[in-house]
Amino acid sequence: MIELRNLSKTFPGTGKSAPFTAVDDVSLTIPRGSVFGVIGHSGAGKSTLLRLINQLERPTSGSVLVDGQDLSGLSERRLRPHRRRIGMVFQQFNLFNSRTVYGNTAYPLKLAGLPRAEVRERAEQALRFVGLADLARRHPEQLSGGQRQRVGIARALAASPKVLLSDEATSALDPETTGEVLALLKRVNEELGITIVLITHEMDVIRRICDRVAVMDGGRVVETGDVYEVFANPQHPTTAAFVRSVLPEQPAGETLERLRERHPGTLLTVPFRHDGDLGRDLSGLLRRHGLDFSLVSGGISEVGRRPLGSVTLELHGAEAEVAAFLADPQVVGLTSATNGRRAVAA
Ligand SMILES: Nc1ncnc2c1ncn2[C@@H]1O[C@H](COP(=O)(O)OP(=O)(O)OP(=O)(O)O)[C@@H](O)[C@H]1O
Ligand SMILES: [Mg+2]
């Protein structure tokens, strides 16, 4: 749906400041119908990248294709009909306080010159979709943050976009309201088939609703891929740090030392993946070797609706049996089937 090719944006320097490259040679393919997350720390270039997609920011070099159309070369006038099909939601909602919920939702349609009946129908339909039909006569200041963001989403939906760009849409909201707005965005994607590009600095947002993710650092994309695979096997240090912020870490360093003090037996940490047979295979293997175990650490959470994590066991049994278990080709097979993250005996 969106193809970014060698995209760069350098802001010209002013008298005092040097030119600054906010987006540096980014190439990405965003599949139709996906929820694509872009994560990075403050200043990484996320908002600039998002604004390059709808050409609110013109690239210094490279191109932006949306639904097969190269937008980067179009004049403002030729761009307008394409831009209308790209909705945007913002962290600070950007609503008019002087207009009602309905007025805010209908505003872009009126601006586009749609017939009155169609404006009404589309705006009402969008408000029903986000669950705000009953509050259509209220003004934004009479709404909670979550409700305001739903107005922002309704306003974007009313224009029947093919793509929705979300710039930190949940960053101003509390955790519970964040969950509601993310669930609404997922519905927008699944029920309306709208491709969503979502930028965030929270890995938890990526974990909950994205299919694919790109990690930005210093204007560059340092890692990209399927969300589950990126979480299971992060390659870049920036990505690994984001993953650690939401997934329990495999015990290491001082944590591992403390575990060892409490549990004198051999400790085995085994990664848990949705496509592994850890539960069944591991218990069968332990039984066959006459071993027992206690669970001493670990956690399994959902990433993209599939389980991911690791568990650490203390093995109970005679030393020779533990050694035979660890040398068992099936145990080795079990660990190598986990895509790079190996089980660790300590
Ligand atoms: N119009 C501009 N002129 C000059 N520099 C800019 C301009 N817009 C952004 N920048 C710079 O580009 C860099 C990237 O900014 P951007 O807003 O894209 O980051 P971000 O990843 O969205 O950060 P945040 O998480 O804080 O929103 C920043 O260092 C910023 O100061
Ligand atoms: Mg930003």
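Multiplying the sequence separation of ARG128 and ASP67 by 0.36 nm and subtracting their Cα-Cα distance, what value in nm do you get?
So the extension gain works out to 19.2 nm.
Relative to the compact globular guide of 2.2 N^0.38 Å, what is the alpha carbon radius of gyration of region 216-333, as a ratio?
1.23
Using a probe of 1.4 angstrom, how much of the accessible area of the chain is carbon and sulfur, in percent?
48
On a 0 to 90 degree scale, rounded to 10, what angle separates helix 278-288 from the longest Cα axis of the chain?
0
Near the amide H of MET88, under 5 Å away, which other amide H atoms are found, from residues 5 or more places off or on another chain, if H is placed in the peptide plane?
LEU165
At 222 nm, what value in deg cm²/dmol follows for the chain if DSSP H runs of at least 4 each add -39500 (n - 2.57) and the sum is divided by all its residues, to the nearest 500?
One gets -11500 deg cm²/dmol as the mean residue ellipticity at 222 nm.
Need one number: nm distance between label points at ALA172 and GLU229, each 7 Å from Cα along Cα→Cβ, rounded to one decimal.
So the two model labels end up 3.7 nm from each other.
Arranged from highest to lowest average of other beta-carbon atoms within 10 Å per residue, in what order do the peptides 38-47, 186-195 appear?
Highest to lowest by the protection proxy: 38-47, 186-195.
On a full-extension model of 0.36 nm per residue, what is the gain between PHE11 and LYS110, subtracting their alpha-carbon distance, rounded to one decimal in nm?
Extra length from PHE11 to LYS110 when fully extended: 32.3 nm.
Grab the eigenvalues of the alpha-carbon gyration tensor for the chain, scale each by 5, take roots, and send me the semi-axes largest first in whole angstrom.
47, 24, 17
When a/c reaches 1.5 or more, the comparison of a/b and b/c decides; with that in mind, is region 7-82 rounded, prolate or oblate per its Cα gyration tensor?
oblate
Apply the a/c threshold of 1.5 to the C-alpha gyration tensor of region 43-184 and tell me whether it is rounded, prolate or oblate.
Taking the square roots of the gyration eigenvalues as a ≥ b ≥ c, region 43-184 is oblate.
Could you rank the peptides 76-85, 50-59 by their average count of other C-beta atoms within 10 Å per residue, with the highest value first?
50-59, 76-85
If you split all Cα-Cα distances of region 1-51 into 10 Å bins from zero, what percentages do you get per bin, shortest first?
Binned Cα distances yield the sequence 21, 48, 22, 7, 1.
Take the Cα gyration tensor of region 109-238, multiply each eigenvalue by 5, square-root it, and list the three semi-axes largest first, rounded to whole angstrom.
Equivalent ellipsoid semi-axes, largest first: 31, 16, 12 Å.
Starting from the Cα gyration tensor of region 170-221, multiply each eigenvalue by 5, take the square root, and state the resulting semi-axes largest first in whole Å.
20, 16, 8
At a Förster distance of 56 Å, what's the computed FRET efficiency of SER98 paired with HIS274, Cβ-Cβ distance as r, to 0.05?
Rounded to the nearest 0.05, the efficiency is 0.65.
The values are calculated or read from the model by the stated rules, or taken from the named source; none is laboratory data. Remember, predicted model here, so these are calculated numbers, not experimental data. Cβ atoms come from the backbone with ideal geometry, glycine included; neighbour counts cover every protein chain shown. All accessible areas refer to the heavy atoms of the entire protein, side chains included, with ligands and DNA or RNA removed. Shrake-Rupley method; radii C 1.70, N 1.55, O 1.52, S 1.80 Å.
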